[in-house]
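Below is one structure, written out as structure tokens, with a few remarks after it.
The values are calculated or read from the model by the stated rules, or taken from the named source; none is laboratory data. Predicted model, so just to flag it, every value in this text is computed and none were measured. Glycine gets a Cβ as well: all are built from the backbone with ideal geometry, and neighbour counts include every protein chain shown.
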Amino acid sequence: MKKKLSHFFSLLIVTILFVNCSGDNQVEEQPEEVVDDGKVLIESLIAEFAKVGVDGGIPSGLQVVKTLTQGDDIQTAIDEVAATGGGVVVLKSGQYPVYTTLNLKSNVVLRGENKDDVVINSLIRSYWSQGKKNTINFDAVSYAGLENLTINYKVEGFEPKDRETWLTGYWCGECFENDPDGQTDLYVRQVALTSSAKNCWVTDCKILNSGTDPILVAGEHNTLKGNYIDRCFNKGGSGNGYYDIRGKYNLIMSETIKRIRHLAIQQGASYNVISDCYIEGDVNFHNGDKGRNLVEKTEIYLPTWHGWDIFGTGAAEYGHKPPGDDNILVNNITNYKNEGPRYANPNTIYSFKGFGKPVITKYTLPESGKFY
């Protein structure tokens, strides 16, 4: 009897061991963690960023067709040159008052002989209820250019509210208001490249004292390079005072930008490159960009009298949409209100994950050390 019981318990133990080792209770071997170094993404971004700006570059050697002096009608000259197939309209040194929007035409370049001495003075006025007007408009055009001149928004006896330098004073509430000192008719943008502007350019110009936005870039494959942008009157809410980037495959390079509200990347912007610029202000992924924009090798100094971060976003409570995926911030030099750098670790790639501050990615730099 004892032998039978002993044999029974031996079989029971073996059975239990067999059941506990069955497939349902096995601990599966865990795969090794895969760290995405972003190589595939980075290679695809580099390939796309190589396409930005005017296809084939800004054309050189264009023929001068008309030369204007102070008092000549600029729009008439643009229209006449366009009718003959295009070319360059040169403005000799002088002051050129403008009372209505100048509409550039395809294959026509408006060029000053000296950007310091050729001044287009915009005297256009518009109330908020009328919508923004433009001093110079690129609409439904291609291969049109604006070169080597100054565009000044002229308001007699009155200047924009701001501070002298990025280090002057502290938060300035009145600097970021609309309708300064009761001036309600200054809602005029200096330069607009609309969504139908393609392969156009603005180079080596001064854009000063804008009524509201100094520039809108809503088209495709446009180049903005070497321009000096400073000051605007309306810098309050509702989208005023922006260097406003909305298009795609645009190149913004070697720009100097001061005393505006935001450099804004928003409303569908994608595959735009901001490189080698100097900005006294913030770069704001403001409202629903589509991602894959690049900010690289740019100096960004946030004024002590501003209220934003070096890189920022909009916010849901204001009805904004979050930034898109795979925006790249890399190798920029920054200083936040003279307190030191932010988001500026060398050879570190930053991006956004929704609203808020940039985050450090695990991506590694391309072998060249740059994206563009």
**Item:** Long-range neighbours under 8 Å by Cβ, at least six apart or interchain, first residue closer than 14 Å to LEU41 by Cα within the stretch 354-372, second among the small types (Gly, Ala, Ser) and part of a loop (DSSP other than H, G, I, E, B)
**Value:** THR361/GLY38; LYS362/GLY38; TYR363/GLY38; THR364/GLY38
**Request:** Tell me which of these SER142 doesn't satisfy, since it passes every other one: (1) closer than 26 Å to VAL64 by Cα; (2) buried (at least 20 other Cβ atoms within 10 Å of the Cβ); (3) touching a Ser or Thr at 6+ places or on another chain (Cβ under 6 Å).
**Result:** (2)
**Prompt:** Taking THR304 and the conditions (1) touching a Phe, Trp or Tyr at 6+ places or on another chain (Cβ under 7 Å); (2) within 29 Å of ALA218 (Cβ to Cβ), which numbered condition does it fall short on, given that it satisfies the others?
**Reply:** (2)
**Request:** Would you check which residues across the stretch 261-274 are over 10 Å from the mean Cα position of the chain (by Cα) and within 11 Å of LEU294 (Cα to Cα) and list them?
**Result:** TYR271
**Request:** Output the strands (runs of 3 or more DSSP E) that fall wholly within the stretch 116-232 and possess 2 or more residues being farther than 18 Å from VAL98 by Cβ, or say none.
**Result:** 201-203, 223-225, 228-232
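Among what's in the stretch 204-234 and is among the hydroxyl-bearing types (Ser, Thr, Tyr) and within 16 Å of the chain's Cα centre (by Cα), pick the residue that is surrounded by the most Cβ atoms within 10 Å (Cβ to Cβ). Break it down stepwise before answering.
We begin by selecting, within the stretch 204-234, every residue among the hydroxyl-bearing types (Ser, Thr, Tyr); these are 210, 212, 223, 228.
From what's left, within 16 Å of the chain's Cα centre (by Cα): 223, 228.
Values: THR223: 21, TYR228: 16.
Ranking the qualifying residues of the stretch 204-234, first place goes to THR223.
Counting only residues that are outside any strand (DSSP E or B), among the polar types (S, T, N, Q) and closer than 21 Å to SER196 by Cα, which one in the stretch 79-115 is farthest from the chain's Cα centre (by Cα)? Can you show your working first?
Of all residues in the stretch 79-115, those outside any strand (DSSP E or B) come to 79-86, 92-93, 99-101, 104-107, 113-115.
The next check asks that each one be among the polar types (S, T, N, Q); those that pass are 84, 93, 100-101, 106-107, 114.
From what's left, closer than 21 Å to SER196 by Cα: 100-101, 106-107.
Numbers: THR100: 27, THR101: 24, SER106: 24, ASN107: 25 Å.
Restricting to residues being outside any strand (DSSP E or B), among the polar types (S, T, N, Q) and closer than 21 Å to SER196 by Cα, the top hit is THR100.
One residue is enough: does the stretch 173-180 have a residue meeting the conditions closer than 23 Å to ILE265 by Cβ and in contact with a strand residue (DSSP E or B) (Cβ under 7 Å, 6 or more places away or on another chain)? Break it down stepwise before answering.
Let us first name the residues in the stretch 173-180 that are closer than 23 Å to ILE265 by Cβ, namely 175-176, 178.
From the residues that got through so far, the ones that are in contact with a strand residue (DSSP E or B) (Cβ under 7 Å, 6 or more places away or on another chain) too are none.
No.
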**Asked** Residues of the stretch 252-288 being buried (at least 23 other Cβ atoms within 10 Å of the Cβ), among the aliphatic types (A, V, I, L, M) and over 17 Å from SER210 (Cβ atoms), which ones?
**Response** ILE265, ALA269, VAL273, ILE274, VAL283
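Check the stretch 194-208 and report whether any residue there is touching a residue at least 60 places away in the same chain (Cβ under 8 Å), among the β-branched types (Val, Ile, Thr) and closer than 18 Å to VAL108 by Cα.
Step one: filter the stretch 194-208 for residues touching a residue at least 60 places away in the same chain (Cβ under 8 Å), giving 199-201, 203-206.
Among the residues that remain, those that are also among the β-branched types (Val, Ile, Thr) are: 203.
Then keep just the ones that are closer than 18 Å to VAL108 by Cα; that gives 203.
Within the stretch 194-208, one or more residues are touching a residue at least 60 places away in the same chain (Cβ under 8 Å), among the β-branched types (Val, Ile, Thr) and closer than 18 Å to VAL108 by Cα.
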**Message:** Take the residues in the stretch 247-260 that are under 17 Å from PHE311 (Cα atoms) and among the basic types (Lys, Arg); name whichever of them is farthest from the chain's Cα centre (by Cα).
**Reply:** ARG259
**Asked** Looking at VAL295, VAL359, which is the one that is more than 18 Å from the chain's Cα centre (by Cα), within 22 Å of GLN267 (Cα to Cα), among the β-branched types (Val, Ile, Thr) and modelled with pLDDT of 95 or more?
**Response** VAL359
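I need the full set of residues from the stretch 60-75 which are charged (D, E, K, R) and in a loop (DSSP other than H, G, I, E, B), in order please.
ASP72, ASP73
Do you know which residues across the stretch 297-324 are in a strand (DSSP E or B) and either without any contact (Cβ under 8 Å) to a residue 12 or more places away in the chain or crowded, with 20+ Cβ neighbours inside 10 Å (or both)? Break it down into steps so the answer makes sense when it comes.
Initial filter on the stretch 297-324 (in a strand (DSSP E or B)): 299-302, 311-313.
Scanning the stretch 297-324 gives ILE300, TYR301, LEU302, PHE311, GLY312, THR313.
State all residues of the stretch 95-115 that are surrounded by fewer than 16 Cβ atoms within 10 Å (Cβ to Cβ) and in contact with a Leu (Cβ under 9 Å, 6 or more places away or on another chain); if no residue qualifies, say none.
Going residue by residue through the stretch 95-115, those that are surrounded by fewer than 16 Cβ atoms within 10 Å (Cβ to Cβ) are 95, 97, 99-100, 113-114.
The answer is PRO97, TYR99, GLU113, ASN114.
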**Asked** Does ILE274 satisfy being of a type in the set (Val, Ile, Thr), in a strand (DSSP E or B) and within 23 Å of ASN240 (Cα to Cα)?
**Response** yes
